[in-house]
1. Could you tell me which of the residues B:Glu68, B:Glu79 is modelled with pLDDT under 95, open to solvent by less than 100 Å² (accessible area, probe 1.4 Å) and farther than 30 Å from C:Glu96 by Cβ?
2. For the stretch C:230-245, state whether one or more residues are assigned to a helix (DSSP H, G or I), more than 14 Å from every other protein chain (Cβ to nearest Cβ) and within 30 Å of A:Gly110 (Cβ to Cβ).
3. For A:Leu16, state whether it is open to solvent by 10 Å² or more (accessible area, probe 1.4 Å) and within 30 Å of B:Asn43 (Cβ to Cβ).
4. Determine which single condition C:Ala194 fails, assuming it passes every other condition in (1) more than 14 Å from chain A (Cβ to nearest Cβ); (2) open to solvent by 10 Å² or more (accessible area, probe 1.4 Å).
5. Might you let me know whether the stretch C:228-247 holds any residue that is open to solvent by 30 Å² or more (accessible area, probe 1.4 Å) and in contact with an Asp or Glu (Cβ under 6 Å, 6 or more places away or on another chain)?
6. Looking at the stretch C:53-64, is at least one residue assigned to a helix (DSSP H, G or I), more than 7 Å from chain A (Cβ to nearest Cβ), free of Cβ contacts under 8 Å to residues at least 60 places away in the same chain and over 18 Å from C:Thr148 (Cα atoms)?
7. Would you point out the residue of the stretch A:78-111, among those that are within 22 Å of A:Tyr21 (Cβ to Cβ) and away from every other protein chain (no Cβ under 12 Å), that is surrounded by the most Cβ atoms within 10 Å (Cβ to Cβ)?
8. Out of C:Ala155, C:Ala199, C:Ala144, C:Ala206, report the one residue that is more than 29 Å from C:Lys290 (Cα to Cα) and of a type in the set (Gly, Ala, Ser).
Amino acid sequence: MGRETEDMIVNQKDMLQKEGYLEAVTHLLFQLADDDFILAYRGSEWLGLAPHIEEDVAFSSISQDTMGHAAMFYSLLEELGAGDADKLAHARLAKDRKNAILLELANGPGTYLNEPQYDWAFTVVRNFFYVQAKKVKILSLKNTSYQPMAEAAVKVNMELYYHLLHWKTWFMQLIGAGGEARTRMEKAVTDVFKDLGGLFSQGATAVAFGENQLIDTEEQLIAAWKHEMTPIFDSLEMKMPKKFGMEKGDGRNGEHTQDLEAAIETLSEVYRLDVKASW
Amino acid sequence: MSESGFYQEFEVFSKRSDTSPIQYQFSLLAPNKELALVMAQENFMRREPVADIWVVKREDIRKMTSEERQSLQRIDNKEYRNTKGYGYLKKKWRHYEQDMLDEKEILSWGGKQKT
Amino acid sequence: MVNIISAGQPTEEAKYEQFMKRIEAGEKIEAEDWMPENYRMTLIKLISMHGISEIMGALPEKEWVPKAPTLKRKLGIMAKVQDEMGHGQLLLRVTEDLMKPLGKTREDILQDLLSGRLKFHNVFHMETKSWGDAGLIGWLVDGAAIITQTNMLDASYGPYARALKRICAEEVFHAQHGEAIILALAEGTKEQRAMVQDALNRWWEALLMFFGPGDAATTGTSKQDTTIKYRIRTKTNEELRQDFFTKYIPRVLSLGLELPDEEMYFDKEDGLWKYQQPDWSKFKEIIQNKGPKSNERLRLREIAYSNNKWVIDALQH
């Protein structure tokens with residue numbers, strides 16, 4: 001082990017001793033893990049139902065990557081003593097989850113088993129806006145004070161290029177198509193903006209994140225997001241609202257919708273049969 | 001298949017690494033080349049490394065008919081084009097106490113300087 | 001001067017003879033090559049059914065994708081069902097090229113599925129009831145699929161053989177994915193073990209039917225002779241079923257599971273497994289879209305189509 005690495009580990013141990021540091025890191029990791037986990041779950045519901053077979057296959061890879069990122073963040077939490085990663089993903093109640101509400105919303109009316117009237121426009125917009133938000137956060141996290149999280153950010157970042165390219169292509173083409181597609185997409189954009197603020201929210205822990213140099217502030221992240229998105233909006237002659245909403249509440253503080261309750265019910269159905277069993 | 005429409009045929013090619021040649025993978029349907037490109041890797045190369053991808057509209061490819069493929073056959077009498085036709089040089093050089101500069105030897109010359 | 005073109009123009013019979021010579025010599029036929037109409041129609045029927053069965057086959061397992069009990073299982077089953085869609089993609093592309101001279105497209109394949117003209121495999125009409133079924137499908141249904149698909153790896157039709165090569169390589173992962181779920185359950189609690197046995201009991205008949213009837217006498221029609229003649233496959237339905245028993249029965253028993261067929265045994269005299277025939281009239285019913293889940297699964301495909309039609313319409317040029 002190199003001298004530098006040794007120093008870093010000692011340093012890391014000291015930091016975790018620091019008042020409030022562990023708690024702040026834990027909160028941030030929960031926000032990251034829960035965001036990826038629930039969106040990947042929503043993606044998995046689309047399997048077999050996408051508009052085009054080739055796209056079904058491509059979309060599933062993105063959902064798998066995203067679930068993989070969630071698993072990395074849950075393992076970091078496990079290392080910090082928060083509990084078993086599978087338990088964190090499957091057994092926590094809605095009120096204990098920290099994901100943004102935008103990501104938990106159902107894909108559309110119906111369930112994946114019965115009359116799934118899923119909305120591709122909403123899916124494209126939500127995923128594109130989310131991946132761009134994730135990208136600016138991950139870039140910020142490369143400089144976080146918590147080294148294992150910085151290392152995870154470097155890895156996650158590798159896969160975001162493709163996710164961005166994929167969703168941006170769909171976004172640009174469907175809006176650029178005009179007609180009914182543009183109308184549907186514009187409605188989806190309006191809907192997503194109503195709760196986009198929740199993606200950037202750091203909840204009650206925002207101050208602690210700043211004090212511990214964990215991640216840029218909400219304002220900085222929003223500015224970075226707008227900086228990336230403005231040229232795209234301009235090219236499509238679309239308007240971006242000044243303020244992003246959080247109409248359904250702030251998921252970072254444990255506020256959630258019935259959609260999340262229903263999702264947890266489904267995603268933990270087998271797990272709950274026997275929480276001690278090995279599956 | 002018509003010139004327009006969502007279901008256009010694209011042929012997908014890829015390179016496994018920077019130094020490998022481009023290789024044919026399979027075909028897919030997409031409304032245009034941008035979407036063809038963002039779907040290509042995950043449809044055909046989910047489990048292998050990829051260094052580059054090309055998508056080509058099928059109608060832009062001139063393929064051979066089965067009759068035309070007959071034109072690819074040739075007689076096995078062209079040793080003069082290959083090293084096989086010059087193998088006798090080895091013996092000649094031996095006479096001058098020199099090694100034959102064969103393919104293996106020559107292609108090794110571009111390698112890095114041994115340290 | 002001799003007109004070389006017309007002098008060289010072979011008759012239909014000569015073309016057929018030449019074609020049979022080519023496939024008998026192990027040559028591969030390509031999409032744009034001349035082929036007998038019957039060969040083309042046989043391939044279209046076989047591969048469109050194979051392809052659409054992959055697409056429909058994604059649905060029963062997909063029921064368990066969001067419910068998979070751990071992060072690792074969620075990832076594994078997502079990748080597995082994704083592959084099924086991917087196999088559907090490969091096979092539909094092969095079919096679409098064969099249908100091109102008939103002026104038919106992917107759109108027609110889907111319409112044929114929804115109207116009931118195009119059938120999908122009997123196993124995918126069945127209900128799934130537990131996580132055990134997700135494991136059993138991966139283990140034994142995919143096991144059966146491997147047996148039938150490897151039998152066609154050397155098919156005379158080049159594009160099909162190449163698609164199958166890709167598919168079979170991924171099936172190895174599927175088989176191991178299924179085994180991993182089953183072994184975890186078989187080595188788990190009493191309830192988990194019961195889950196596997198229950199799944200085996202419920203899927204047994206569908207597994208026997210998987211390979212199709214032994215001969216035309218059973219259900220009235222069978223394409224197996226034609227496909228063998230055209231060098232698309234080599235073994236009969238019954239030979240494949242026997243291969244499946246030989247490979248999998250010892251494994252089923254080694255896990256302490258009971259065969260749902262109490263009278264089944266291996267006859268050393270003729271080297272064949274003796275088993276109770278499934279109810280073949282039920283098989284006919286099932287593939288006529290009268291299985292337990294036929295309508296619900298077709299409805300899912302119909303929704304995916306109608307609900308997303310605006311996307312297809314939007315990107316027409």
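The values are calculated or read from the model by the stated rules, or taken from the named source; none is laboratory data. None of these values were measured; they are calculated from a predicted model. Positions of Cβ are backbone-derived with ideal geometry, glycine not excepted, and every protein chain shown enters the neighbour counts. Heavy atoms of the whole protein, side chains included, go into the accessibility calculation; ligands, DNA and RNA do not. Shrake-Rupley method; radii C 1.70, N 1.55, O 1.52, S 1.80 Å.
1. B:Glu79
2. no
3. The answer is no for A:Leu16.
4. Single failed check for C:Ala194: (1).
5. No: the stretch C:228-247 contains no residue that is open to solvent by 30 Å² or more (accessible area, probe 1.4 Å) and in contact with an Asp or Glu (Cβ under 6 Å, 6 or more places away or on another chain).
6. Checked the stretch C:53-64: no residue is assigned to a helix (DSSP H, G or I), more than 7 Å from chain A (Cβ to nearest Cβ), free of Cβ contacts under 8 Å to residues at least 60 places away in the same chain and over 18 Å from C:Thr148 (Cα atoms).
7. A:Lys98
8. Answer to the check: C:Ala155.
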